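See below for the structure under consideration.
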Amino acid sequence: MTRNPHDEARELLAASGDLSDKQQAWLGNHLEECPSCRAFAETAGQIVRALRLLPVTADSRLVRATQMRVRFHAGRLREARERTWLVGMACLVVGISSALTAPLFWRFFEWMGRQSGVSSAVWQAGFAFFCIIPALVVGALLLARGTHLTSRGRSL
C-alpha cells in the first residue's frame with residue numbers, strides 16, 4: 001500500500017530537524033507543487049514561532065520545592081564524600097600502623113610462646129586471634145546497634 005504524499009509531507013514537517021538530504025529535497029519539491037501542504041507548513045511555522053514567544057514560568061512553590069530537594073541531595077552527597085574521605089584516611093592509618101606494629105607483635109608473641117613453653121601453633125593462633133579481635137569487636141558493636149554507616153539516625 002502506498003502512502004499518501006500529503007501525510008508523508010506532514011510527518012516530515014513534524015520531524016524537520018531530523019531529515020536526511022534526500023527527505024529535505026523531496027519535501028521541498030512537494031511543498032513547491034502542493035499549495036495545501038505549503039499552507040500547512042506556513043501555519044505550523046507560525047504556530048511554532050508564536051509558542052516560542054510565550055514565556056514559560058514555573059510556579060514559585062515548585063521552584064522552592066525543587067531548590068529545597070536539590071540542596072538536600074547536595075548536602076547528602078557532601079556528607080557521603082566527607083565520610084568516604086574519613087573512612088579512606090582511617091584505612092590508611094590502620095594499614096600503616098598495622099604494617100609497622102605487626103612485626104613487633106609477632107616477635108612479642110614468639111617471645112611469650114618461648115617463655116611459656118607453648119608450641120609454635122599455639123602462639124601463632126594467639127597472634128592471629130589478637131589481630132582479629134578489633135574487627136570482631138567493631139562488628140559486634142555495629143550488630144548490637146542494629147545498623148551500620150548511619151548519619152544522624154538516617155541510614156545510607
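Throughout, read-outs are computed from the coordinates displayed, never taken from laboratory work. The structure displayed is predicted, hence computed values, not measured ones. Positions of Cβ are generated from backbone atoms using ideal geometry, with glycine treated the same way; all protein chains shown enter the neighbour counts.
Quote the charge dipole size of segment 5-53 about the Cα centre in Debye, to the nearest 20; the model charges only the Cβ of Lys and Arg (+1) and of Asp and Glu (-1). Can you show the working numbers first?
Numbers: 5 positive and 8 negative charges, 54 e Å.
Roughly 260 debye for segment 5-53.
Using the Cα centre of segment 38-77 as origin and beta-carbon charges of +1 (Lys, Arg) and -1 (Asp, Glu), tell me which of A44, L54, A65 is placed farthest towards the positive end of the dipole.
A65
Considering every Cα-Cα pair within the chain, what fraction, in whole percent, is farther apart than 21 Å?
74 percent
No other cysteine beta carbon under 4.7 Å away is the test; run it over the chain and list who passes.
C91, C131
Rounded to the nearest 10 degrees, what's the angle between the helix 120-145 long axis and the longest principal axis of the chain, both from Cα atoms, 0 to 90?
In the chain, helix 120-145 runs at an angle near 50 degrees to the longest axis.
For the residues D21, D7, what sequence is obtained by ranking on other C-beta atoms within 10 Å, fewest first?
Fewest to most other Cβ atoms nearby, the residues stand as D21, D7.
Quick check for me: using +1 on Lys/Arg Cβ and -1 on Asp/Glu Cβ, what's the dipole size of the chain about its Cα centre, in debye to the nearest 20?
The dipole of the chain has a size of about 1160 debye.
To make sure I understand, if each residue's beta carbon is the centre and we count other beta carbons within 10 Å, what order do F105, F127 fall in, fewest to most?
If I rank by nearby Cβ atoms, fewest first, I get F105, F127.
Tally Lys and Arg at +1 and Asp and Glu at -1 over the other residues with C-beta under 15 Å from the C-beta of P35: what net charge comes out?
Net local charge, P35 excluded: -1.
Just round it to a whole percent: the fraction of Cα-Cα distances in segment 5-53 exceeding 16 Å.
36 percent
Neighbour counts of other C-beta atoms within 10 Å: give me R71, R83 arranged from fewest to most.
The order, fewest Cβ neighbours first, is R71, R83.
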